Amino acid sequence: MTTLDTSSLTNMHDAILQRADSLKNAAGLSTSGVGGATSSEAVTSGQKTGGILSFNDALKEAMSDVNDSYIQANAAQDAYQKGETTDIASVMLSRQKSSVAFQATLQMRNRLMDAYKTIMNMSV
């Protein structure tokens, strides 16, 4: 059994992300980070470390996007209840978008916790 240290894991992680970005570029897809921020926006906002969006920043941005969708859904619901809008379809759509974003975040958290538990149970 080979042992892995944190620096080699970080290097592998960076190599995988760079490879994914190069494949997206080759396929003609936009290279957007979590929450729709493009790579150039992340560079200008100072969220890049070593050419790769850090995991911490990506997680914060994803949580911010989920929170924003929740706030927008509540604002649409409040506007409908006050009679400011009569478009129930847009209200329901925003509620569903918020729900899907939350469920996706919850599933991501569950998978990260499973991975963490697996790594912690490994013998070194």
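Sort through Leu53, Leu17, Leu4 and tell me the only one that's among the aliphatic types (A, V, I, L, M), surrounded by fewer than 14 Cβ atoms within 10 Å (Cβ to Cβ) and at pLDDT below 75.
Leu4
Within the stretch 80-101, work out how many residues are out of contact with any helix residue (DSSP H, G or I) (no Cβ under 8 Å at 6 or more places or on another chain) and of a type in the set (A, V, I, L, M).
4
Scan the stretch 58-77 for residues that are among the charged types (D, E, K, R), farther than 10 Å from Ala101 by Cβ and in contact (Cβ under 8 Å) with a residue 24 or more places away in the chain and jot them down. So that I can check it myself, show each step before the final result.
Taking the stretch 58-77 and keeping what is among the charged types (D, E, K, R), we get 60-61, 65, 68.
Checking the rest, the ones that are also farther than 10 Å from Ala101 by Cβ come to 60-61.
Within the stretch 58-77, just Glu61 meets the criteria.
The values are calculated or read from the model by the stated rules, or taken from the named source; none is laboratory data. Source: prediction; values computed, not measured. We place every Cβ from the backbone using ideal geometry, glycine too, and count neighbours over all the protein chains shown.
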